[in-house]
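Asks: Would you mind keeping the following structure in view while I ask a few things?
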Amino acid sequence: MTSYKADRSIKWRFSILGVLAGLALLAMAPAKAEYADVIINNYADAAGMRPVVFPHWFHRIRFRCKVCHADLGFQFKAGGNKITMAKIIDGKFCGACHNGEVAWSVENCNMCHSGIPGTPTHIHGSTVQRLVSPPYKALNAPQQPAQQ
Amino acid sequence: MKNSHKRTRGILIALLCTVIAGLAFAQKPEVAPPLTPLTADGVHDPENPALPSLQNPEESMATFPKDRRGEVQWVESLNQGVITPRKFLTGDSGEGEELKELDLDIIMKNTAQMPHVRFPHLAHTRWLACKNCHSEIFIPKAGANPVSMEKILKGEYCGRCHDKVSFALWACERCHSVPHPGSPPKWW
């Protein structure tokens, strides 16, 4: 009798674990952002600004990939270009266009800084790679203590 | 004895539940509901006063050609002239890397039972410069790159762009487009 009870409670405990794991996956499930949106948040959160949302769909309607990824030197890596406002104002990265000539200028902070605070740097791609590749680590994430 | 047997069964059932629940939840959002309004996409801050000034995907892309999964078919959009993205910063000429179209298909046959892969240079060189791929991602020599599905899933080779910005891996047939005698009818 008691052993049966204990067994049931174990079964329950594991079922609850199962549901929790499912819920964790649900929480991990991607937001419904448009495919290829990039959230850039190496420094913004820490500086009290919203993270930046870069919409690929909007820009690829207007420019071939090569304009940004060959001519302007954006590397194929979300968060990998270490973009800062100083560089943008200096005409690099987003600043090559968001300068009041090719596109509206940097004064429009909230047009770029439009993400939900706390959203980590990532590209909103398909689920396949999300399940396979390790989560992205922000540049300013605390370093793992070195293994002895 | 019997007790431990029962326990094992309990654990197995629970594990199965976990896997099924996990799969059900993980599979569902496989296709991001396309053209979600920015206020509800879970990425844009609804409190942002500038949000109404941003364009909703629906406004521009509702009528673009789509693939089997309802994703925008960017190759067709460009070929049909639905979009005319600039080749240079300020227009179709200017300073920068030349965008020269190359009509060269590479057939990749190391695909086990799947149809062979046709890699079309043309579709790529309408968007990308040679320099974007050669030679950092691919050595420009047929058969010289040890591409495999596993590496693509890990984000290497084709997976540098596909599944992130270019069309997702779920659409097997867009790459595996050359059937051969050993390939079964479409099952995916």
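Asks: Could you look through the range B:107-121, keep only residues that are hydrophobic (A, V, I, L, M, F, W, C) and open to solvent by less than 40 Å² (accessible area, probe 1.4 Å), and pick out the one that is nearest to B:Pro181 (Cα to Cα)?
Replies: Within the range B:107-121, the match that is nearest to B:Pro181 (Cα to Cα) is B:Met114.
Asks: Looking only at the range A:32-42, how many residues end up being in contact with a helix residue (DSSP H, G or I) (Cβ under 9 Å, 6 or more places away or on another chain) and either over 25 Å from B:Pro57 (Cα atoms) or facing chain B (nearest Cβ under 7 Å) (or both)?
Replies: The total comes to 6.
Asks: Scan the range A:63-116 for residues that are under 16 Å from the mean Cα position of the chain (by Cα), among the polar types (S, T, N, Q) and surrounded by fewer than 18 Cβ atoms within 10 Å (Cβ to Cβ) and jot them down.
Replies: Result: A:Gln75, single match.
Asks: Further question on the same structure: From B:Gly10, B:Gly22, B:Gly42, B:Gly70, grab the single residue that is more than 17 Å from the chain's Cα centre (by Cα), modelled with pLDDT under 95 and within 24 Å of A:Val38 (Cβ to Cβ).
Replies: Of B:Gly10, B:Gly22, B:Gly42, B:Gly70, the one residue that is more than 17 Å from the chain's Cα centre (by Cα), modelled with pLDDT under 95 and within 24 Å of A:Val38 (Cβ to Cβ) is B:Gly42.
The values are calculated or read from the model by the stated rules, or taken from the named source; none is laboratory data. All of these numbers come straight from a predicted model, not from anything done at the bench. FYI the Cβ positions are ideal-geometry reconstructions off the backbone, even for glycines, and counts take in every protein chain you see. Please note that ligands, DNA and RNA were not included when accessible areas were found on the heavy atoms of the full protein model with its side chains. Shrake-Rupley method; radii C 1.70, N 1.55, O 1.52, S 1.80 Å.
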